[in-house]
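Trainee: One structure is given below, represented as structure tokens, and several questions about it will come after.
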Amino acid sequence: MGQSLTQPTAHSLASVTLTGDLARPVRLTVPDLLAWPQHRTRVSFECATSGVQHHRFEGPLLHDVLYDAGPGFDPARRKDRLRFLIAVTGADGHHALLTWAEIDPDFAHAPVLLAVGIDGTPLDRAGPQLVLPQDRCGARHISGINAIRVDGRYPSWK
């Protein structure tokens with residue numbers, strides 16, 4: 001998509017910063033994320049503490065947004081993508097960790113969303129949400145995402 005660094009406006013739209021092993025680190029707002037193809041999903045989270053919750057989410061795929069930022073895969077290393085981790089942080093301090101293989105179309109191809117809307121309500125001011133429809137319990141659901149770090153810098157183990 002070729003998004004450029006977006007500066008916060010006077011209306012204080014929430015933003016998410018993509019950093020780490022990326023050729024094009026960027027700060028994005030919910031309106032920026034609307035430039036990607038939007039996917040919709042219905043999710044039922046079944047948790048012991050809060051019971052079953054049903055929601056409708058829409059937003060771009062996490063893979064599409066991160067891939068556009070240029071992850072630093074080494075083409076000389078076979079299956080280099082498999083060593084990359086994705087750390088997602090919410091404004092409230094919640095964290096979730098995913099592997100690149102979970103979201104990559106050549107591997108698990110999980111439809112993980114950076115949701116820009118929930119139940120028909122836009123998330124412009126609250127910020128995007130991490131939605132993993134395949135998770136039975138919403139423990140990796142992160143609201144108000146403010147940072148995503150892509151990390152593939154690990155030493156070789158021999």
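Trainee: Hey, can you tell me all the residues within segment 97-133 that are in a strand (DSSP E or B), within 21 Å of D151 (Cβ to Cβ) and open to solvent by 10 Å² or more (accessible area, probe 1.4 Å)?
Mentor: L97, T99
Trainee: Within the bounds of segment 19-26, is there any residue that is at pLDDT below 95 and surrounded by 19 or more Cβ atoms within 10 Å (Cβ to Cβ)?
Mentor: Scanning segment 19-26 turns up no residue that is at pLDDT below 95 and surrounded by 19 or more Cβ atoms within 10 Å (Cβ to Cβ).
Trainee: In segment 34-64, what count of residues is obtained for those that are closer than 22 Å to S15 by Cα and either touching a strand residue (DSSP E or B) at 6+ places or on another chain (Cβ under 6 Å) or assigned to a strand (DSSP E or B) (or both)? Spell out the reasoning first.
Mentor: Of all residues in segment 34-64, those closer than 22 Å to S15 by Cα come to 34-40, 56-64.
Keeping just the survivors that are either touching a strand residue (DSSP E or B) at 6+ places or on another chain (Cβ under 6 Å) or assigned to a strand (DSSP E or B) (or both) gives 38-40, 56-62.
Number satisfying all stated conditions: 10.
Trainee: Here's another thing I want to ask about it. Just to be sure, is L28 touching a strand residue (DSSP E or B) at 6+ places or on another chain (Cβ under 8 Å) and under 15 Å from I145 (Cα atoms)?
Mentor: Details: touching a strand residue (DSSP E or B) at 6+ places or on another chain (Cβ under 8 Å): yes; under 15 Å from I145 (Cα atoms): yes.
Taking the combined requirement at face value, the residue satisfies it.
Trainee: Condition check: at pLDDT 95 or above and closer than 22 Å to Q53 by Cβ. Does D119 satisfy that?
Mentor: yes
Trainee: Another question, then. For segment 78-88, does any single residue satisfy the condition of being open to solvent by 10 Å² or more (accessible area, probe 1.4 Å) and in a loop (DSSP other than H, G, I, E, B)?
Mentor: Yes, segment 78-88 has at least one match.
The values are calculated or read from the model by the stated rules, or taken from the named source; none is laboratory data. Since the model is a prediction, treat every value here as computed from it, not as a measurement. Cβ coordinates were reconstructed from backbone atoms using ideal geometry, including for glycine residues, and neighbour counts include every protein chain displayed. Quick note on the areas: whole protein, heavy atoms, side chains included, nothing else; ligands and nucleic acids left out. Shrake-Rupley method; radii C 1.70, N 1.55, O 1.52, S 1.80 Å.
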